[in-house]
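Visitor: Before we start, here is the structure in question, set down as structure tokens.
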Amino acid sequence: MYRDDESPNFGFIDSVLVFLVSIGLTIVLLFIVSRILNVPWFEHLPDWLTGGLGKILLGLFSGGSLAGIVIKKIASQHSPDYFWRICGTTAVLFLIILILVFVLRPRPSPEPNPKPTPPVVNPTPQPKPQKTLHKTDENGIDYVERWSARGNCREAQQDAMHQCIFTSTRKRIGESKDLFDHWKLMLKTPGPPYEVQCVPGGWQLKENETAGPGPGFIEDGWAVCSGWINGSEDSVQMAVRYQMLR
């Protein structure tokens, strides 16, 4: 029995009781902190601690230790003061765990600094080569259009590229007793014409009232051959050289 003026001894068993109770309080505090901060650090405890046997042992040791402390306090007024020792031990354990969590928590690896992207420089568009007029194709062959039609325009082709115009003039030319009418053949080429050759047939005459082949002329982009006919069915042949862009 202790005298009232004596301080009780705090032995090894008392230290074990304080440590076990402090462990239980620390686990409760960690769970409360995880709920307050909404972080999963202490929400999921190890399986060995949360399993059935672990819960039983934890409750047995911490609860039993707390019960032992209470019984000792009731049985003897001179039992050691456990309150401040439990609070101090719990605070130390709690602080150590917080420090370990802070130090050992996983940290995201620093992202590498992205390399500066060089500015995109739009290449200066190269001007397209200008097309020029050519009198021959890639093989050096002249661009030529040919057409043949009767001077009286009978059954002659008439479309956007071919025109045959017959005009009854009944004109007397030179010493001939025949009366002549006027014919005009017009041919549109794929490119601008630059040379027209006309070959009237039979007794037909050119515009200058002479016979035989001769040059025609260009009128509003059309190649033209014209002349005179005395009623025959002879054909007029045209050969037109023109240019093309390429």
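Visitor: Put a dot 7 Å past each Cα toward the Cβ at GLU219 and ALA91; how far apart are the dots in nm?
Guide: 12.2
Visitor: Further, regarding this structure: Can you give me the distance in nm between label points at PHE83 and ASP181, each placed 7 Å from the Cα along the Cα-to-Cβ direction?
Guide: According to this spin-label approximation, the distance is 14.2 nm.
Visitor: For PHE19, PHE102, what's the fewest-to-most ordering of other Cβ within 10 Å of each Cβ? Write down the numbers at each step before the final one.
Guide: On the way: PHE19 17, PHE102 9.
With the sparsest Cβ surroundings first, the list reads PHE102, PHE19.
Visitor: Multiply the residue separation of VAL199 and VAL144 by 0.36 nm, subtract the distance between their alpha-carbon atoms, and state the gained length in nm to one decimal.
Guide: 18.3 nm
Visitor: Determine the distance separating the Cα centre of the range 131-182 from the Cα centre of the range 86-101; give it in Å without decimals.
Guide: 116
Visitor: At 0.36 nm per residue, and after removing the present C-alpha to C-alpha distance, how many nm does the segment from LYS171 to LYS135 gain when stretched out fully?
Guide: Residue separation times 0.36 nm, minus the Cα-Cα distance, leaves 9.0 nm.
Visitor: Using the beta-carbon distance between ILE36 and ILE13 and R0 = 35 Å, what value does 1/(1 + (r/R0)^6) give for FRET efficiency, to the nearest 0.05? Spell out each step's value before the answer.
Guide: Details: r = 35 Å, r/R0 = 1.00.
Computed FRET efficiency for ILE36 and ILE13 comes out at 0.50.
Visitor: Could you check the simple spin-label distance between GLN158 and ARG246, using points 7 Å along Cα→Cβ, in nm with one decimal?
Guide: 3.5
Visitor: Also, I was wondering about something else. Could you tell me, in Å, what Rg and Dmax come out for the Cα atoms of the range 98-218?
Guide: That works out to 38.4, 134 Å for Rg and Dmax.
Visitor: Suppose every K and R has +1 on its Cβ and every D and E has -1 on its Cβ; what is the size of the dipole of the range 99-156 about the Cα centre, in Debye to the nearest 20?
Guide: So the dipole magnitude of the range 99-156 works out to roughly 320 debye.
Read-outs: derived from the displayed coordinates by stated rules, not from any lab. Since the structure is predicted, the reported quantities are computational estimates derived from the model, not experimental observations. Glycine also receives a Cβ, built like all others from the backbone with ideal geometry; neighbour counts cover every protein chain displayed.
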